[in-house]
Amino acid sequence: MNLRQLVFDLQYRFSKPPWDSGITPPELTALIENGKIAPGRALDLGCGTGTNSIYLARRGFAVVGIDFSAKAITIARAKARREGVTVDFRKADVTRLDSLDVREPFDLALDLGCFHILAPDERARYAANLARLVRPGGVFMLYAFSARLPDETRRLIRVRDTGITPEQVQQIFTTQFALERVEHGTDRGNRASAWYWFKRQSSVASSQSPVVSRQ
């Protein structure tokens, strides 16, 4: 177990992490409940205690939830049992998903605050896995903190500074995915963040400019 895994596992074990709200974000519910995507196979990357995986399972998706925290996965499995739904929760590294079968591609992939903590080499592996596992035409929803400004207040102790610029997101994903929409906003502590909506391409991603809005 590396230091980052240990930090997350301890937070799930001894406290309620601030990101573990138990609430499915409206950006996801709008996609599902407005009928913009039909139930199919869904991949929840950095699923935590399973809130969004369970939401998708209750709406007819066959869901695989991935998280590197053993404690988070234990909690997620217990929650799914209480809800009476089936979710394939797996303790795994989101950058190393060789165990997932490309013969069963995903129609929807979701990342709510996982990708932005990864190191540059990990981000490249993550993107390669995602392109391998999402079917052409499939949807990828990403929520990420924006990179901190040089003079922005930082925590005294941190495993790694988190955040990624919109330009970096596009550079990493748009060789295989078309960026269709971006919504910029803020999160806890007025931290800048953004939602990104991608569609998996069968060849080189479209160069069409995405729709950008601010919350």
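For the reader, a short list of remarks on this structure follows.
- Antiparallel content of DSSP bridges confined to the chain, in %, to 5: 40
- Placing +1 on the Cβ of every Lys and Arg and -1 on the Cβ of every Asp and Glu, with no other charges, gives the chain a dipole of roughly 480 debye about its Cα centre.
- Linear extension gain, A78 paired with N2, 0.36 nm per residue minus alpha-carbon span: 24.8 nm
- Inter-site label distance for F14 and K36 at 7 Å from Cα along Cβ, in nm: 4.1
- Residue-by-residue Karplus 3J(HN,Hα) for the range 105-119, coefficients 6.51, -1.76, 1.60, Hz, glycine and proline x: x, 9, 8, 9, 10, 10, 9, 10, x, 9, 4, 6, 8, 7, 6
- With kT/(6 pi eta Rh) evaluated at 20 °C and eta = 1.002 mPa s, and Rh the Kirkwood radius from Cα pairs, the chain diffuses with a coefficient of 121 µm²/s according to Stokes-Einstein.
- Most mobile of D20, D67, D111 in a GNM of the chain (Cα contacts under 10 Å): D20
- Among G46, G35, G185, the largest mean-square fluctuation in a Gaussian network model of the chain, built with springs joining Cα atoms closer than 10 Å, belongs to G35.
- The calculated pair-distance distribution of the range 10-67 uses every alpha carbon pair, bins of 5 angstrom beginning at 0, and gives 4, 18, 27, 24, 13, 8, 4, 1 percent.
- Considering only A38, G84, G163, and ranking their Cα positions along the charge dipole of the chain that arises from unit charges at the beta-carbon of Lys, Arg, Asp and Glu, the one farthest toward the positive end is G84.
- Stretched out straight at 0.36 nm per residue, the stretch from T86 to H184 would grow longer than its current Cα-Cα span by 31.9 nm.
No value in this document is a laboratory result; all are computed from the given coordinates. These numbers were taken from a predicted model, which means no experiment stands behind them. No Cβ is skipped: glycine too gets one built from the backbone with ideal geometry, and neighbour counts run over all protein chains shown.
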